[in-house]
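Just below is one structure, and these are the notes that go with it.
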Amino acid sequence: MQGNPILLTTIEASEGASAVPPSVPSADGPVQVSSVRLLSQADAEFSWLPDCATKWTCFAIDLDNGVTDYVALREEGLPLMGAADTVLRAIWPMVRDESMKELRTSHEAAINNALLWTVSTRTESGVMIVDGEGALLHCNAAARESMSASDFLRDVDGRLRCSDASAGRVLAKAIKECSSGDLRKDQELILFLRTSKDGSRFPVALFRHPDETDHNPLVVIMLPRRPDPKRTELLARKMGLSPTEARVAGLMQLGLPYREAATKAGVKEETFRTYSKRVLSKLDLGCRAEMAQVLTWQSMLGRAS
């Protein structure tokens, strides 16, 4: 364009007009221009465009795939309008394709950011990233909470350590195996680490991050969130139950016998049964098993504020 840059930008539709003309489908990819039409204010299509008649000249570019693009050109000391048909036929397919690529790239970045934000802040699963030597490079909030609440796995000066020495050796071996590339991309290792407090075991999943360009392979470690009665009660409260009903719901979810659950709740067994029926009625559920399933699924959806 004789050294003059082309300004390509987006423009908002006129107030009250639809964001995209309903008769025009959207599409992308290589195209050819079928026709270039100069629009006037008398054209129905012009109403979709902003009020820019005094500064801009508007065109409708019909493409060979049935799509119509709308372009507004502003002449800045360049006698362009007389050759607009020829110029737009020549440059628009290239400009359009580059613009669509940029749009897709920007959208993909936003999607990736949304996924990273969800994993970091909202998911209930603990996620840790380590290198082949077991150095902890990053972990999300759920993983931090799991390590704080349990003694089977912890962060010691930036390295993962197990409370049991033998378990630590097994974990280190598993990390080495994952980072070495011996496993297929779709394979994972499952370990069960035992706590020293109560002897309970936690499943830990390890797999290699499939990045062939990375010369320092990363290993992803995933931990399930340990069931938390307080969190269950909080979820039950959010579902419309009173504090006492939420407490009963949390005990019902554990599958305890009525007598044992009533003892933990500090009420008589008959009182506990009455509250249980009230809980099921409020949540419109048919039995304890269905209620436990609902609360379990709810607890997996996101983190309680």
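The values are calculated or read from the model by the stated rules, or taken from the named source; none is laboratory data. Not measured: the values here are computed from a predicted model. Note: ideal-geometry Cβ built from the backbone for every residue, glycine included; neighbour counts use all protein chains shown. Surface areas here come from the heavy atoms of the whole protein model, side chains and all, with no ligands, DNA or RNA. Shrake-Rupley method; radii C 1.70, N 1.55, O 1.52, S 1.80 Å.
Between Ser125 and Ile91, the contour length at 0.36 nm per residue exceeds the alpha carbon distance by 7.2 nm.
Pop out the carbon and sulfur fraction of the accessible area of region 85-151 as a percent, whole number, probe 1.4 Å.
Roughly 62 percent, rounded to a whole number.
Below 12 angstrom from the Cβ of Leu285, what's the summed charge of the other residues (Lys, Arg +1; Asp, Glu -1)? Local charge sum for Leu285: +2.
Tally Lys/Arg at +1 and Asp/Glu at -1 over every other residue whose Cβ is under 15 Å from the Cβ of Gly158; what's the total?
Details: positive: Arg144, Arg154, Arg159, Arg161; negative: Asp131, Glu133, Asp155, Asp157.
It works out to a net charge of 0.
If R0 is 41 Å, the Cβ-Cβ spacing of Arg104 and Ala42 corresponds to a FRET efficiency of close to 0.70. Note on Leu254 and Lys282: the extension gain reaches 8.2 nm, defined as 0.36 nm multiplied by sequence separation minus the Cα-Cα distance.
Mean silhouette area of region 229-269, derived from the convex hull of its C-alpha atoms and averaged over all directions, reads 2.5 nm². Distance in nm between label sites at Met239 and Ser35, each 7 Å beyond Cα in the beta-carbon direction? Going from the Met239 label point to the Ser35 one covers 6.1 nm. The slack in the chain from Arg273 to His209, taken as 0.36 nm per residue of separation less the alpha-carbon distance, amounts to 18.1 nm.
What is the diffusion coefficient of region 93-152 in µm²/s, taking the Kirkwood radius over Cα pairs and the Stokes-Einstein relation at 37 °C with a viscosity of 0.692 mPa s? Estimated via Stokes-Einstein, D reaches 232 µm²/s.
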